[in-house]
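The values are calculated or read from the model by the stated rules, or taken from the named source; none is laboratory data. From a predicted model like this one, the values you see are computed outputs, not experimental measurements. Here the Cβ is made from the backbone with ideal geometry for all residues, glycine too, and neighbour counts use every protein chain on show. Surface areas here come from the heavy atoms of the whole protein model, side chains and all, with no ligands, DNA or RNA. Shrake-Rupley method; radii C 1.70, N 1.55, O 1.52, S 1.80 Å.
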Amino acid sequence: MIDKIKSLLQEVENLTASNAEELEALRIKYLGKKGEISALMNDFRTVPAEQKREVGIYINQLKETAQNKINELKESFENAPTFSNDIDLTRTAYPIGLGTRHPLSLVKKEICDIFGRLGFSIAEGPEIEDDWHVFSSLNFAEDHPARDMQDTFFIQHNPDVLLRTHTSSVQTRVMEKQQPPIRIICPGRVYRNEAISYRAHCFFHQVEALYVDKNVSFADLKQALLFFAKEMFGPETKIRLRPSYFPFTEPSAEMDISCNICGGEGCPFCKHTGWVEILGCGMVDPNVLENCGIDSKVYTGYALGMGIERITNLKYRVKDLRMFSENDIRFLREFESAN
Ligand code: DAH
């Protein structure tokens, strides 16, 4: 009997099955009620008492091995992919819904790329700032209205901790650490305490550019601006500079571009003037350079800053600023082709 069990043991160890039906047949053959192992159990009664112990051990071993083997084969079927004839393997896969870049990210990237071609590299700074970097270092007078609670979000009523109101703060951060030549472009989010409407939001995005070196002139600024305008809005674009005031630049200017909707003819978008304002700029005020430890007798620089929403609005005609932060998928999908 032991020989029979041994040969069954070997059989069981080498079992294979190529599908679930074959496996079930094997299970019945060995472990079923009328199977081989049941038959052995029946025969067990006739085994002489002194052999019972040894034979019993063998039968148990056989039973266990058969059970394990069948389970093992079963698992291998369950984990294997099942193919049936009604699956069409030539069919195209379901389209994977890839996300698209947000319009503001697209425009930010384009602005940074254009300045990148002029040798500017990206610099970033914190959104939670202090008074020095946002205002004092940039020549804001103590009583400048921008410092007012009405315009600036202060954190926990501490007048020295605030959300930056412009990315000009990154100018100071870079100039404090680095001597000229400096040629940086600083994209980022800014915050102002404004009532939310179609044309104002409590947060928006800006890009600041700063170039400080020996002999940097207003002509250099103008050339960079013209290059930017043509790259961004097309080669026909004209620019116009109007005198303005910013505490951190002297002289300061605002730049208009010829209306890219009517081409300068006059339309409701440009209020029939043919021009639309897009950014502020100027020569870095010597006080700002000195505040950051740069010798204003040796170096000069220009700076400019623009709102990314404003540029996006001009490029893609988004009339309502709030759409940029609503995350309406129908709006975002409209920019799929620009990605
Ligand atoms: N910081 C200004 C603002 O938030 C924008 C700006 C104007 C930046 C003139 C400049 C500049 O660098 O020269 O409105």
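Would you be so kind as to identify which of Gln61, Leu73, Ala17 lies farthest towards the positive end of the dipole of the range 1-114, taking Lys and Arg as +1 and Asp and Glu as -1 on Cβ and the Cα centre as origin?
Working it through, the farthest residue towards the positive pole turns out to be Gln61.
What's the long-distance tail for the range 107-204, i.e. % of Cα pairs beyond 24 Å?
Numbers: 1366 of 4753 pairs.
Percentage above 24 Å: 29.
What is the extension gain from Ser76 to Glu13, computed as 0.36 nm multiplied by their sequence separation minus the C-alpha to C-alpha distance, in nm to one decimal? List each step's numbers first, then the result.
Details: separation 63, 0.36 × 63 = 22.68 nm, distance 1.56 nm.
Fully extending the segment from Ser76 to Glu13 adds 21.1 nm.
Need the C-alpha centroid separation for the range 118-169 versus the range 93-108, integer Å.
The two parts, judged by their Cα centres, are 32 Å apart.
Mind ranking Trp275, Trp132 by accessible surface for me, highest first, 1.4 Å probe?
On the way: Trp275 65, Trp132 90 Å².
Final ranking, largest accessible area leading: Trp132, Trp275.
State whether the range 188-278 is rounded, prolate or oblate according to the following rule on the C-alpha gyration tensor (a ≥ b ≥ c being the square roots of its eigenvalues): a/c under 1.5 gives rounded; otherwise a/b larger than b/c gives prolate, and the remaining case gives oblate. Walk me through the intermediate numbers first.
Details: a/c = 1.87, a/b = 1.07, b/c = 1.76.
Oblate, since a/c reaches 1.5 and b/c is not below a/b.
Assuming a ≥ b ≥ c are the square roots of the Cα gyration tensor eigenvalues, decide whether the range 153-241 counts as rounded (a/c under 1.5), prolate (otherwise, with a/b larger than b/c) or oblate. Mind dumping the intermediate values first?
Values: a/c = 3.30, a/b = 1.33, b/c = 2.48.
Cα axes put the range 153-241 in the oblate bin.
Three principal axis extents, largest first, for the C-alpha atoms of the chain, in Å?
Here the spans come out as 115, 46, 39 Å, largest first.
Which one, Val55, Val170, Val276, has the greatest fluctuation when you compute a Gaussian network model over the chain with C-alpha springs under 10 angstrom?
Largest GNM mean-square fluctuation: Val55.
Can you list which of the DSSP-assigned H helices in the chain have a Cα extent of 18 Å or more along the long axis and an average Kyte-Doolittle score of at least 0.0? Write out the running numbers ahead of the final one.
Values: long enough: 49-79 (46 Å, -1.20); 103-117 (21 Å, 0.27); 218-233 (22 Å, 0.72).
The answer, listed by residue number, is 103-117, 218-233.
Could you list which residues have their amide H under 5 Å from that of Ser244, counting only those 5 or more apart in sequence or on another chain, with H placed in the peptide plane?
Amide H to amide H, under 5 Å and 5 or more residues apart or across chains, Ser244 pairs with Ser252, Ala253, Glu254.
When every alpha-carbon pair in the range 225-302 is counted, what percent end up more than 14 Å apart?
65
Given 37 °C and 0.692 mPa s, how large is the Stokes-Einstein diffusion coefficient of the range 191-339 in µm²/s, with Rh as the Kirkwood radius over Cα pairs?
Details: Rh = 17.1 Å.
The estimated diffusion coefficient comes to 192 µm²/s.
When the chain is fully extended, how far beyond the present Cα-Cα distance does His144 get from Ser38, taking 0.36 nm per residue of separation? Numbers along the way, then the final one.
Numbers: separation 106, 0.36 × 106 = 38.16 nm, distance 9.75 nm.
Full extension of this stretch gives 28.4 nm more.
Considering the chain as a Gaussian network with a 10 Å cut-off on Cα pairs, which listed residue, Met175, Met41, Met232, attains the greatest mean-square fluctuation?
Looking only at Met175, Met41, Met232, the biggest GNM fluctuation is shown by Met41.
Which aspartates and glutamates, on any chain, are close to Lys177 with Cα under 19 Å apart, when same-chain ones fewer than 8 places away are left out?
Here the aspartates and glutamates satisfying the reach criterion relative to Lys177 are Glu124, Glu127, Glu129, Asp130, Asp131, Glu208, Asp213, Asp285, Glu290, Asp295.
Suppose every Lys and Arg Cβ carries +1 and every Asp and Glu Cβ carries -1, with no other charges. What dipole size does the chain come out with about its Cα centre, to the nearest 20 debye? Could you put the intermediate results ahead of the total?
Details: 40 positive and 49 negative charges, 153 e Å.
Using Cβ point charges on Lys, Arg, Asp and Glu, the chain gives about 740 debye.
Determine the alpha carbon to alpha carbon distance for each of Lys109/Lys214; Lys271/Lys319; Lys238/Lys271; Lys6/Lys29; Lys109/Lys297 and list only those over 23 Å. Each step should come with its number before you reach the end.
On the way: Lys109/Lys214 29 Å; Lys271/Lys319 15 Å; Lys238/Lys271 17 Å; Lys6/Lys29 17 Å; Lys109/Lys297 35 Å.
Distance filter (> 23 Å) returns Lys109/Lys214; Lys109/Lys297.
Restricting to Cα pairs below 8 Å that are 6+ residues apart, what does the relative contact order work out to for the range 9-129? Please round to a whole percent.
Details: 46 pairs, mean separation 32.2, N = 121.
For the range 9-129, the relative contact order is 27 percent.
Which value in deg cm²/dmol, rounded to the nearest 500, describes the helix-derived mean residue ellipticity at 222 nm for the chain, given -39,500 (n - 2.57) per DSSP H run of n ≥ 4 and division by the residue count? Mind dumping the intermediate values first?
On the way: 12 runs with 132 residues, N = 339.
Helix-only estimate at 222 nm: -12000 deg cm²/dmol.
Gaussian network model of the chain, Cα springs within a sub-10 Å range: biggest mean-square fluctuation belongs to which of Asp285, Asp328, Asp86?
Between Asp285, Asp328, Asp86, it is Asp86 that shows the largest mean-square fluctuation.
Find the eigenvalues of the gyration tensor of the Cα atoms of the range 24-155, then list the square roots of 5 times those eigenvalues as equivalent ellipsoid semi-axes, largest first, in whole angstrom.
Values: eigenvalues 1389, 140, 36 Å².
The answer is 83, 26, 13 Å, longest axis first.
Specify whether the C-alpha gyration tensor of the range 52-129 places it in the rounded, prolate or oblate class, a ≥ b ≥ c being the square roots of the eigenvalues: rounded for a/c under 1.5, otherwise prolate if a/b is larger than b/c and oblate if not. Please list the in-between numbers first.
Numbers: a/c = 6.48, a/b = 2.73, b/c = 2.38.
Verdict is prolate for the range 52-129.
Taking amide hydrogens as modeled 1.01 Å from N in the peptide plane, which residues meet the under 5 Å criterion relative to His205, leaving out close sequence neighbours?
Distant-sequence amide H within range of His205: Val190, Ile308, Glu309.
Pick out, in residue order, every one of the GluC sites (Glu not before Pro) in the range 186-286 that is DSSP loop and has at most 16 other C-beta atoms within 10 Å; say none if there are none. Don't skip to the answer; put the middle values down first.
On the way: sites: Glu194, Glu208, Glu231, Glu236, Glu254, Glu265, Glu277; in loops: Glu194, Glu236, Glu265.
Passing both the DSSP loop test and the Cβ count: Glu194, Glu236, Glu265.
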